[in-house]
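Okay, structure first, notes after.
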């Protein structure tokens with residue numbers, strides 16, 4: 001096991017580049033199982049979740065190997081129809097292989113998924129969609145057993161709740177299904193638009209991605225094309241908050257401004273400047289010495305991302321006044337609060353809201369990451385805390401951030417990774 005150790009109090013300055021999107025890469029990798037030949041995917045970050053997905057693809061018989069900066073995926077020997085618990089338990093997005101298995105073979109046996117312990121994340125909407133398309137589904141011994149005896153058929157599907165994962169699985173299933181599939185109440189996230197663009201480049205017929213109504217006309221085959229993954233909007237937001245929290249001044253390259261409009265609005269309210277430098281870069285700095293306290297409510301896209309809630313809470317710990325942070329997506333996504341309080345933060349939880357009384361001086365302390373985004377929040381808080389902060393269980397961080405500590409160090413942070421003697 002390893003930990004992150006950092007000394008607070010240093011302003012960040014310089015230039016940094018955003019890595020490719022983890023959450024966009026995972027559906028694209030699963031989609032490659034539907035293709036009639038090998039695909040080369042650029043800008044895929046080397047993070048643990050994507051390494052796990054590579055293992056999953058290999059276990060199913062496909063090739064998934066990095067060749068320099070390109071991930072090469074060849075489904076030619078894709079044949080196994082079982083996604084085992086040993087891999088699926090570590091990453092929820094493993095459920096994305098369910099649709100390609102059904103589409104290619106008419107059978108699938110996939111373990112129920114795991115991932116960060118941030119709340120109940122049912123897969124009922126995934127299964128509802130597949131059942132509407134003709135699949136027979138049985139849950140037994142911790143596995144999903146799915147069978148499409150007559151192949152997948154186009155259908156009209158209304159999602160009871162907005163679900164990125166369910167929208168992805170239905171899009172993957174519908175790409176090669178017979179007839180037209182209509183998904184109502186679909187997720188609108190940029191990663192959905194990105195997946196639709198990739199599928200269409202392969203020869204699929206997907207319309208409406210980015211709206212609540214997606215229409216997919218099934219085709220008989222998909223042909224390989226090279227592809228480049230979009231920048232990671234959550235990493236971009238995390239780096240921007242790092243600049244704000246340290247009173248820094250940094251330029252962020254490959255910043256997806258159009259995907260972070262909710263964060264941009266909150267920055268303006270808080271007194272943080274985020275201004276374009278050129279087409280793909282922004283400069284982030286504080287307008288005034290003090291931050292303004294700003295409330296947020298997490299919402300599906302285009303609302304404030306739940307994946308930036310913990311980082312925003314860390315920022316508000318340094319803003320004089322009171323900020324109310326309301327989490328509407330995951331019921332257990334305040335586990336970082338106890339760790340921030342160990343550093344001296346004044347935070348009270350009432351239901352699904354956290355009241356942050358900011359402006360206090362935080363002190364470095366040994367803290368423990370509970371999930372991926374919580375680990376980033378604790379590092380952000382440590383950047384401005386007095387003394388040394390030691391963040392344990394950073395395997396969570398490695399699931400979704402590519403060399404975050406190295407990027408922060410290049411901007412002037414005193415931060416290092418070392419073996420954790422306590423674990």
*asked:* Looking only at the chain, where both bridge partners belong to it, what percent of the DSSP beta bridges are antiparallel (to the nearest 5)?
replied: 75
_Distance between the C-alpha centers of segment 283-350 and segment 42-59? Whole Å please._
30
*Going by alpha carbons, how many degrees (0 to 90, nearest 10) lie between the helix axis of 164-175 and the longest principal axis of the chain?*
30
_Only counting other Cβ atoms within 10 Å, I'd like 147, 126 sorted with the fewest neighbours first._
147, 126
*Quick one: what Rg and Dmax do you get for segment 291-354 from the alpha carbons, in Å?*
11.1, 33
*Mind pulling the angle between the C-alpha long axis of helix 233-245 and the longest principal axis of the chain? Nearest 10 degrees, somewhere in 0 to 90.*
0
_Degrees between helix 190-202 axis and first principal axis of the chain (Cα, 0 to 90, nearest 10)_ = 40
*Packing-based exposure ordering (other Cβ within 10 Å, fewest first) of 189, 269*: 269, 189
*Of 328, 261, 389, how do they rank once you tally other Cβ atoms within 10 Å and put the fewest first?*
261, 328, 389
*asked:* I want the antiparallel fraction of DSSP beta bridges within segment 22-228, as a percent rounded to 5.
replied: 75
*P(r) tail for segment 273-423, what percent of Cα pairs lie past 25 Å?*
30
*May I ask you to derive the relative contact order of segment 22-228, considering only C-alpha pairs under 8 Å and at least 6 residues apart, and to give it as an integer percent?*
20
*On average, how much area does the Cα convex hull of segment 192-270 cover when viewed from any direction, in nm²?*
6.7
*Gyration tensor verdict on segment 22-228 (Cα atoms; rounded if a/c is under 1.5, prolate if a/b is larger than b/c, oblate otherwise)*: rounded
*For the chain, what's the relative contact order in percent, using C-alpha pairs closer than 8 Å and at least 6 residues apart?*
21
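Only the coordinates and a few stated rules stand behind these numbers; no lab work does. For clarity, every value in this text was computed on a predicted model and none was experimentally measured. Note that each Cβ is placed from the backbone with ideal geometry, even for glycine, and that neighbours are counted across all protein chains shown.
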